[in-house]
Structure formats: C-alpha cells, structure tokens
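Below is one structure, written out as structure tokens; the observations come after it.
The values are calculated or read from the model by the stated rules, or taken from the named source; none is laboratory data. Not measured: the values here are computed from a predicted model. Positions of Cβ are generated from backbone atoms using ideal geometry, with glycine treated the same way; all protein chains shown enter the neighbour counts. Note: accessible area is taken over every heavy atom of the protein model, side chains too, but ligands, DNA and RNA are not part of it. Shrake-Rupley method; radii C 1.70, N 1.55, O 1.52, S 1.80 Å.
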Amino acid sequence: MKTTLTIEESARLISLGVNPKMASEETFILDKVFTLTDILSILPKEIDGYHLSIEATSQGYEVSYMLWDCGDEAYHFMGATERPELIDALNQLAIYCLENNHIKTEKK
C-alpha cells in the first residue's frame, strides 16, 4: 500500500498553496513529501454540508464529498474520484479542493 506522495505530487500541492511544513516526511535529498496522514489532515471533513466520504471498492478507493438531499431522496457528490491507491484518490480530491478554494492556504 502506497503511503506517501512522490516529490512531484507533493510539489503540486505546495504550488497550489499547501504549506510545505504540513509534509511530515523528508526524502534522502531533503525534499518534503506528504503522507497519507498529512493528506487526511489537509482535507476538510465537511464543505457546505457535504461530508468527506471514503469507500473501498473492488477497483481501489472512491473518495468524494457527499450530501444527502431529503427532497430529492438522493446523494449528491462533489469532487468524486477513484484510484487504486487511497493516497492517490485523496491527493486528487485535495487538488480539486485547492483549485476550487475549499481549502484555506497561505496564498489565498
């Protein structure tokens, strides 16, 4: 199971405004990389009533923000993604949140 992002994936989050101090691991060349725990701490647990949802599937992991609408009797999803590795799915959701201003960063 993959538990850390690559240097390039970590650099992408930093370029989107995530503080590099939130990355808890260093590589042998002293680059900071984000771990599964780091990504979970970066992601909001709720956005405008949508709750963070993580599901294991036969293909890997589905992550999204989910809202139950009693009027429609249906779930609505925001930022849904599926990847074989949990950290990759969460990373894509973090990128979605950063690009759509759902995560406060030092740049904003």
Query raised in the report: Right, residue 65: touching a Phe, Trp or Tyr at 6+ places or on another chain (Cβ under 6 Å), outside any loop (DSSP other than H, G, I, E, B) and more than 16 Å from residue 8 (Cα to Cα) or not?
Result: yes
Report task. Take the residues in segment 54-80 that are surrounded by fewer than 17 Cβ atoms within 10 Å (Cβ to Cβ) and of a type in the set (Ser, Thr, Tyr), then tell me which one is nearest to residue 35 (Cα to Cα). Result -> 57
Query - Selection from segment 32-45 of residues that are in contact (Cβ under 8 Å) with a residue 12 or more places away in the chain, open to solvent by 20 Å² or more (accessible area, probe 1.4 Å) and either charged (D, E, K, R) or part of a strand (DSSP E or B) (or both) - result: 32
Query raised in the report: In the set 15, 24, which member is in contact (Cβ under 8 Å) with a residue 12 or more places away in the chain and open to solvent by 30 Å² or more (accessible area, probe 1.4 Å)?
Result: 24
Query raised in the report: What is the number of the single condition among (1) in a loop (DSSP other than H, G, I, E, B); (2) among the acidic types (Asp, Glu); (3) at pLDDT 95 or above that residue 82 does not meet?
Result: (1)
